[in-house]
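Read through the structure below, which is laid out as structure tokens, and then see the notes.
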Amino acid sequence: MSKRLFDLKPEIEKSENIHQEYPVLDKRKCVKCGICSKTCKENAIFWVKDKYPVFIYDLCTACGACMIVCPNKAIKTKQEKSGESFINRVNDNFWLITGRSKPGITETGPIVSEVKERAIEFAEDRKADYIIFDTAPGTHCSVSSFVRC
Ligand code: SF4
Ligand code: SF4
């Protein structure tokens with residue numbers, strides 16, 4: 001009887017962290033104008049008049065829009081791990097490149113893009129005959145990130 005793909009138990013050859021740049025407020029430069037909060041489409045910046053904005057990291061997708069619009073360059077970045085990619089060996093000629101987001105990450109698009117890039121690089125290095133991609137169904141961010149990059 002032939003072995004089905006999901007019966008195989010690939011071994012992890014290599015894992016690599018995936019990082020994203022998250023916003024951090026520099027209070028010395030912030031004038032509490034709230035422009036960043038009004039710009040954030042994820043509602044990840046809580047702001048009330050005359051107060052410093054507060055970042056809600058569970059909602060932040062690390063898109064960088066708040067950093068771009070801040071008139072005082074009061075938003076810096078910090079690099080944080082958002083997921084991992086894995087190179088799995090199924091057999092001598094068959095490799096599986098997969099990714100996993102950190103628990104609590106709502107925006108997985110950047111992880112999908114990074115895993116796809118690593119898979120292409122890996123396939124090119126090994127002069128692979130074929131590369132087959134698979135992603136989640138639907139039209140949400142992770143799928144559009146996959147198709148775009
Ligand atoms: S846009 Fe810049 S200056 Fe204005 S509240 Fe946000 S961080 Fe502060
Ligand atoms: S990086 Fe993007 S999602 Fe995160 S707080 Fe700034 S504008 Fe919002």
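Once the principal axes of the Cα atoms of the chain are found, what is the range along each, listed largest first in whole angstroms?
Computed over the Cα atoms, the extents are 70, 28, 24 Å.
Enter the Cα centre distance for the pair the stretch 29-80 and the stretch 105-126, rounded to the nearest angstrom.
Result: 28 Å between the Cα centres.
Using alpha-carbon pairs under 8 Å, 6+ residues apart, how would you state the relative contact order of the stretch 1-106 in percent?
Once divided by the residue count of the stretch 1-106, the mean separation gives 36 percent.
Restricting to DSSP H runs of at least four residues, report the calculated mean residue ellipticity at 222 nm for the chain, -39500 (n - 2.57) per run over all residues, nearest 500 deg cm²/dmol.
Numbers: 4 runs with 35 residues, N = 149.
-6500 deg cm²/dmol, from helical runs alone.
Of the residues Ile75, Ile56, Ile111, which exhibits the maximal mean-square fluctuation in a Gaussian network model of the chain defined by a 10 Å Cα contact cut-off?
Answer for the Gaussian network model of the chain: Ile56.
Using 7 Å Cα-to-Cβ label points, what is the Asp58/Arg89 separation (nm, one decimal)?
Calculated label separation equals 4.1 nm.
Between Val24 and Arg100, take the C-beta separation as r, use R0 = 35 Å, and let me know the FRET efficiency to the nearest 0.05.
0.90
For the chain, which longest stretch is free of loop sites, where a loop site is one of the trypsin sites (Lys or Arg not before Pro) that DSSP puts outside H, G, I, E and B and that has at most 16 other Cβ atoms within 10 Å? Write down the numbers at each step before the final one.
On the way: sites that count: Lys3, Arg4, Lys27, Arg28, Lys29, Lys32, Lys41, Lys49, Lys51, Lys73, Arg126, Lys127.
It works out to 74-125.
What residue among Pro137, Pro23, Pro103 has the largest mean-square fluctuation in a Gaussian network model of the chain, using Cα springs under 10 Å?
Top of the fluctuation ranking is Pro137.
Projected onto the charge dipole of the stretch 1-132 (+1 at Lys/Arg Cβ, -1 at Asp/Glu Cβ, origin at the Cα centre), which of Tyr130, Pro110, Val24 gives the Cα projection farthest towards the positive end?
Val24
What size of dipole, in debye to the nearest 20, comes out for the chain about its Cα centre when the only charges are +1 on Lys and Arg C-beta atoms and -1 on Asp and Glu C-beta atoms?
On the way: 24 positive and 20 negative charges, 179 e Å.
Rounded to the nearest 20 debye, it is 860 debye.
Antiparallel DSSP bridges in the stretch 20-84: what percent, to the nearest 5?
About 100 percent, rounded to the nearest 5.
Give me Rg/Rg_expected for the stretch 22-79, where Rg uses Cα atoms only and Rg_expected = 2.2 N^0.38 Å with N residues.
For the stretch 22-79, the normalised Cα radius of gyration is 0.96.
Suppose every K and R has +1 on its Cβ and every D and E has -1 on its Cβ; what is the size of the dipole of the stretch 22-79 about the Cα centre, in Debye to the nearest 20?
Details: 11 positive and 4 negative charges, 58 e Å.
So the magnitude is around 280 debye.
What distance in nm separates the simple spin-label points at Val69 and Phe133, each placed 7 Å from Cα in the Cβ direction?
Placing both labels 7 Å along Cα→Cβ, they lie 3.0 nm apart.
By how many nm would the segment from Ile35 to Thr77 lengthen if fully extended, with 0.36 nm per residue of separation less the alpha-carbon distance?
13.4 nm is the gain from fully extending Ile35 to Thr77.
A short reminder: the numbers here are calculations on the coordinates, not readings from a lab. Bear in mind that the values here come from a model prediction, so they are computed numbers and not experimental data. No Cβ is skipped: glycine too gets one built from the backbone with ideal geometry, and neighbour counts run over all protein chains shown.
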